[in-house]
Ligand code: FAD
Ligand code: DLZ
Ligand code: SF4
């Protein structure tokens, strides 16, 4: 009996579990561009275009490998509009009753698939280094689920950067070498770019007409859309950027959107690249003497550590994770996140880049847009939806733990041992944003004071009961206590005035 084999837009790997389990000579692969996936949040147009183009090209690859594929384009008049409805339509068309699928990366879609009247065989997505069961075993009985310890286990398990049972270079983590301030100039011309071909051009026209109200620009679309292109982008990064990746990992420059970052997350998350092959390439660069240990270890940790760890947390914590709000933050997301004018140059630059590229690097996400949202007390669910909408690499399994957990502390400290908050001083040290800002980063109070400076203390004081007992935050509270009382009052008053203006929709 013929079976349907469901391949989702972020499952574009020939070795994905559903394909491995299917019978090429008998079964039918189903793929569909559907409105429900493109609009459950209003994804950045570049993200939709990237996935539709990569999906269409993956169909060509499957077909040339001998698979029988039924592909539905978004504007196909028979398009049933959702993954579940498309499966039903294809089942009726082919007489199939059974579907083989690989588990989706989001509870919403997992639940939708479980509810179809078809017989579903849902396989574990094993394109990761850690299964859910392994993560659960690791997490069981631990008081704190810190990434660092998880990461060391994966290092041992994969043998990456291991010399016998010891970490290469004598340390597990070289982060202290990876916090250099922004350099004046970047010697890297940026990630590889790929001219849109006929398929991508068709998709760009489709996306432009179908999703005119989604935030983000479609101009200069130059992402890789096939595995071969993604491999070439990876090689370009390894050759030209990896050696300096570590040094300037946390730096931010107004005129250099990518610094030495890889820009591989869209390809990795969609299945065009695999985590282990990326890490092995980086490890080889270290062994060949091409890249130093701080760069290679830092890079590999992001992939086998953070990426695997956040996925583990997402599935461990369950479907309600995205609604957590441990700090009871209720403010609406300000319009400046959608490109409305702001005088804060760091935010204006990060949002502008996000609109244009569907990309911002980790520190821009964490310490600019995330930091401001946390300090200003924005509702974390709205912050989560924003990150899911605006980035090309955003899928809930990876985005939500980064936003709800790492960035907004809304999970109460499962991921972060203390909130990632800072005053303007950190942003000034790590970037060139402040030099031309309307606000003065050195001013602590008054109309010209950097808003991060007053909001930082306001946040700490608002949450004093929770954080003053945190061993890593005691110093900050002691610094506050040492300040002159009048100064403290002015700081809190200025923060309140700023937040009032923000709520009123004034340009701040
Ligand atoms: P590089 O800096 O070159 O790092 C290499 C790779 O490491 C990345 O491609 C990515 O696969 C992995 N990586 C690095 N940091 C993380 C991390 N914290 N979690 C998971 N993987 C990581 N990453 C996503 O892939 N999708 C998201 O939706 C996403 N949302 C985020 C939201 C917030 C609030 C924050 C703070 C971070 C988020 N990240 C997300 C993590 C990180 O910002 C991106 O992975 C990274 O910016 C991708 O760019 P890159 O490929 O140039 O990364
Ligand atoms: C993100 C996305 C978009 C925009 N469109 C589609 C689509 O039309 N068809 C599809 O199969 N997948 C799409 N995706 C990816 C899914 O949203 C993704 O599989 C889930 O969010 C789980 O990670
Ligand atoms: Fe951002 Fe403050 Fe620097 Fe302006 S002064 S760029 S608001 S950190």
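Below is a table of values for the structure above.
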read-out	value
Condition broken by residue 42, with the remaining ones in (1) closer than 24 Å to residue 395 by Cα; (2) free of Cβ contacts under 8 Å to residues at least 60 places away in the same chain satisfied	(2)
Selected residue [closer than 30 Å to residue 151 by Cα and in contact with a helix residue (DSSP H, G or I) (Cβ under 6 Å, 6 or more places away or on another chain)] from 387, 433	387
Of all residues in the range 35-56 being surrounded by 19 or more Cβ atoms within 10 Å (Cβ to Cβ) and more than 16 Å from ligand 1 (Cβ to nearest atom), the one that is farthest from residue 94 (Cα to Cα)	45
Filtered residues of the range 6-22 (kept if more than 13 Å from residue 113 (Cβ to Cβ), surrounded by 24 or more Cβ atoms within 10 Å (Cβ to Cβ) and more than 23 Å from the chain's Cα centre (by Cα))	none
Which listed residue, of 407, 431, is within 21 Å of residue 106 (Cβ to Cβ), surrounded by 19 or more Cβ atoms within 10 Å (Cβ to Cβ) and away from ligand 2 (no atom under 16 Å from the Cβ)	407
Total residues in the range 176-223, condition in contact with a helix residue (DSSP H, G or I) (Cβ under 8 Å, 6 or more places away or on another chain), over 29 Å from residue 77 (Cα atoms) and buried (at least 16 other Cβ atoms within 10 Å of the Cβ)	7
Some residue of the range 252-267 being within 16 Å of ligand 2 (Cβ to nearest atom), closer than 25 Å to residue 130 by Cα and crowded, with 23+ Cβ neighbours inside 10 Å	yes
Any chance residue 30 is surrounded by fewer than 17 Cβ atoms within 10 Å (Cβ to Cβ) and either more than 16 Å from ligand 3 (Cβ to nearest atom) or free of Cβ contacts under 8 Å to residues at least 60 places away in the same chain (or both)	no
Among residues of the range 122-135, those that are surrounded by 13 or more Cβ atoms within 10 Å (Cβ to Cβ) and either assigned to a helix (DSSP H, G or I) or more than 23 Å from the chain's Cα centre (by Cα) (or both), counted	5
Options 308, 283, 357, 352; residue that is without any contact (Cβ under 8 Å) to a residue 24 or more places away in the chain and closer than 29 Å to residue 180 by Cβ	352
Cross-chain or 6+ apart pairs with Cβ under 6 Å, the range 255-280 first and more than 14 Å from residue 227 (Cα to Cα), then at pLDDT below 95 and near ligand 1 (Cβ under 8 Å from one of its atoms)	260/245
Residue in the range 62-82 that is surrounded by the most Cβ atoms within 10 Å (Cβ to Cβ), counting only those that are touching a residue at least 24 places away in the same chain (Cβ under 8 Å) and under 19 Å from residue 22 (Cα atoms)	62
The listed residue being more than 24 Å from residue 147 (Cα to Cα), in the same structural domain as residue 157 (by TED's automatic domain parsing) and touching a helix residue (DSSP H, G or I) at 6+ places or on another chain (Cβ under 9 Å), out of 295, 285, 281	285
Selected residue [out of contact with any helix residue (DSSP H, G or I) (no Cβ under 9 Å at 6 or more places or on another chain) and either outside the structural domain of residue 106 (by TED's automatic domain parsing) or over 19 Å from residue 286 (Cβ atoms) (or both)] from 168, 144, 139	144
Flag if residue 420 is more than 17 Å from the chain's Cα centre (by Cα) and in contact (Cβ under 8 Å) with a residue 24 or more places away in the chain	no
For residue 412: the one exception among (1) within 16 Å of ligand 2 (Cβ to nearest atom); (2) surrounded by fewer than 21 Cβ atoms within 10 Å (Cβ to Cβ); (3) at positive phi	(1)
Qualifying residues in the range 91-111 (those that are more than 13 Å from ligand 2 (Cβ to nearest atom) and surrounded by 14 or more Cβ atoms within 10 Å (Cβ to Cβ)) - the one nearest to the chain's Cα centre (by Cα)	100
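The values are calculated or read from the model by the stated rules, or taken from the named source; none is laboratory data. Just so it is clear, the structure is predicted and the values come from calculations on it, not from any experiment. For neighbour counting, all protein chains shown are included, and Cβ atoms are generated from backbone atoms with ideal geometry for every residue, glycine included.
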